[in-house]
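For reference, the structure is listed below as structure tokens.
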Amino acid sequence: MAILTHYHRPTEMDEALALLARTDVHLVPLAGGTALIPALETRELREVEGVVDLSRLGLEAIQADGDGIRIGAMVRLTDLMEHPTTGTLADGLLRRTAACEGPINLRNMATVGGTVVTAHPDSELYAAFLALDAQVHFRDAQGEHRIPLAAFQGLEQGLVIALHLSPGQDLRGGHARVARTPRDRPIVAAVAVVGEGVERVALCGVASRPVLADAPLAPPDDCTGTPEYRQAMAQVLSRRALAQARS
Ligand SMILES: Cc1cc2nc3c(=O)[nH]c(=O)nc-3n(C[C@H](O)[C@H](O)[C@H](O)COP(=O)(O)OP(=O)(O)OC[C@H]3O[C@@H](n4cnc5c(N)ncnc54)[C@H](O)[C@@H]3O)c2cc1C
């Protein structure tokens, strides 16, 4: 385990940002800890000296936001799945894809903000947020921003505060995947959303982070699949996810 000499649990956003901007000590945000703690334990993040715990910033609500939904960065994946609105949206697309992120003990801890910042290349939940055209609300040294998740390339420093969805009426969802076993993480997966004037597909397993299907793909080459296989699967799975959403 890396030796952490600093632990902070601020109650104000400005205080959290000021801590993360410190140059005399290297502090990083701590959300559910499911990605961060293993990285500290294996000393992958040797330079980290302390954490800023985000649990007291009031970021764990799912709320109506005009005609949309605001999902706080500290919402746990289990709460996202069980919430009457986010759990049922587009045929339960967030519930179905969050279930693929890991076992229940992981979902009870991992957060929406952590998932967005980690942007794991095979995150089907991240792909579902892309297909739902989510916007990400974050603060950094330049100020406060709200941009499409598809344009978000991560944070050098700062905090993701929330995701916003404006799903409109009657959205349907589809989800198709190939994996080594049914419970394994996907090699490639496609998530589709269709509705009036809406047809969006997002993919994972074909680039360094999940992407919309019309973005340039750069599939990895590893023991689970060659780039050619992944590219071919992306097309097959996109068709299947769209067919499921339309059916
Ligand atoms: C057994 C296991 C299986 C896993 N399977 C998957 C999987 O299938 N797919 C997948 O995508 N991931 C997987 N993960 C990785 C991880 O669980 C997810 O990425 C998770 O959603 C991270 O959320 P967290 O709240 O635990 O983040 P943390 O571990 O707390 O943080 C992760 C990173 O994000 C930063 N961060 C967190 N919240 C914020 C915020 N609001 N603003 C700015 N920075 C922030 C942290 O500083 C850290 O760098 C797995 C992990 C484990 C241990």
Going through Leu19, Leu36 one at a time, which residue ends up being farther than 22 Å from Arg107 by Cβ and surrounded by 14 or more Cβ atoms within 10 Å (Cβ to Cβ)?
Leu19
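Among the residues of region 117-128, which ones are surrounded by fewer than 24 Cβ atoms within 10 Å (Cβ to Cβ) and either without any contact (Cβ under 8 Å) to a residue 24 or more places away in the chain or not in a loop (DSSP other than H, G, I, E, B) (or both)? Steps first, answer last, please.
Kept after step one, since they are surrounded by fewer than 24 Cβ atoms within 10 Å (Cβ to Cβ), are these residues of region 117-128: 117-122.
Correct list: Val117, Thr118.
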Among the residues of region 61-75, which ones are in contact with a helix residue (DSSP H, G or I) (Cβ under 9 Å, 6 or more places away or on another chain) and either at pLDDT below 95 or over 19 Å from Val28 (Cα atoms) (or both)?
Ile62, Ile69, Ile71
All positions within region 174-197 that are surrounded by fewer than 24 Cβ atoms within 10 Å (Cβ to Cβ) and small (Gly, Ala, Ser)
Ala176, Ala179, Gly195, Gly197
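Please verify whether Val198 is of a type in the set (A, V, I, L, M, F, W, C), more than 17 Å from the chain's Cα centre (by Cα) and within 15 Å of Asp133 (Cα to Cα), treating the condition exactly as stated.
Here the answer is yes, as Val198 does meet what is asked.
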Output the number of residues of region 30-73 satisfying the condition of being within 19 Å of Gly87 (Cβ to Cβ) and of a type in the set (Gly, Ala, Ser).
6
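Identify, from the list Arg230, Arg239, Arg200, the residue that is in a strand (DSSP E or B) and either buried (at least 20 other Cβ atoms within 10 Å of the Cβ) or without any contact (Cβ under 8 Å) to a residue 60 or more places away in the chain (or both).
Values: Arg230 fails: in a strand (DSSP E or B); Arg239 fails: in a strand (DSSP E or B).
Only one candidate passes the filter, namely Arg200.
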Taking Ser123 and the conditions (1) touching a Leu at 6+ places or on another chain (Cβ under 9 Å); (2) hydroxyl-bearing (Ser, Thr, Tyr); (3) under 19 Å from Val201 (Cβ atoms), which numbered condition does it fall short on, given that it satisfies the others?
(1)
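With the condition kept exactly as written, say whether any residue in region 139-156 is of a type in the set (S, T, N, Q) and within 13 Å of the ligand (Cβ to nearest atom). Lay out the reasoning, then the answer.
Looking only at region 139-156, we keep the residues that are of a type in the set (S, T, N, Q), and these are 142, 153.
Restricting the remaining residues to those that are within 13 Å of the ligand (Cβ to nearest atom) gives none.
Scanning region 139-156 turns up no residue that is of a type in the set (S, T, N, Q) and within 13 Å of the ligand (Cβ to nearest atom).
Please find, among His83, His26, the residue that is within 24 Å of Gln153 (Cα to Cα) and surrounded by fewer than 21 Cβ atoms within 10 Å (Cβ to Cβ). It would help to see each step written out before you state the result.
On the way: His83 fails: within 24 Å of Gln153 (Cα to Cα).
Within the list His83, His26, the selection yields His26.
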Using beta carbons and a limit of 7 Å, which pairs, at least six apart or on different chains, have the first residue in region 29-55 and within 13 Å of Leu4 (Cα to Cα) and the second one near the ligand (Cβ under 10 Å from one of its atoms) and among the small types (Gly, Ala, Ser)?
Leu45/Ala39; Val52/Ala16
Kindly establish whether Gly58 is at pLDDT 95 or above, within 9 Å of the ligand (Cβ to nearest atom) and of a type in the set (Gly, Ala, Ser).
no
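To keep it simple, each residue is scored yes or no on (1) within 20 Å of Leu171 (Cα to Cα); (2) in contact with a Cys (Cβ under 9 Å, 6 or more places away or on another chain); (3) among the aliphatic types (A, V, I, L, M).
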residue: Arg96; (1), (2), (3): yes, no, no
residue: Gly102; (1), (2), (3): no, no, no
residue: Met109; (1), (2), (3): no, no, yes
residue: Thr115; (1), (2), (3): no, no, no
residue: Pro121; (1), (2), (3): no, yes, no
residue: Leu125; (1), (2), (3): yes, yes, yes
residue: Ala128; (1), (2), (3): yes, no, yes
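For region 112-124, which residues satisfy the criterion of being near the ligand (Cβ under 7 Å from one of its atoms) and within 15 Å of Gly102 (Cβ to Cβ)? Can you show your working first?
Initially, region 112-124 is screened for residues near the ligand (Cβ under 7 Å from one of its atoms), giving 113-115, 117-118, 120, 122-123.
Within region 112-124, Gly114, Thr115, Thr118, His120, Asp122, Ser123 qualify.
The values are calculated or read from the model by the stated rules, or taken from the named source; none is laboratory data. A quick note: this is a predicted structure, and the numbers were derived from the prediction, not measured. When we count neighbours, we look across all protein chains shown, and the Cβ atoms used for this are built from the backbone with ideal geometry, even at glycine.
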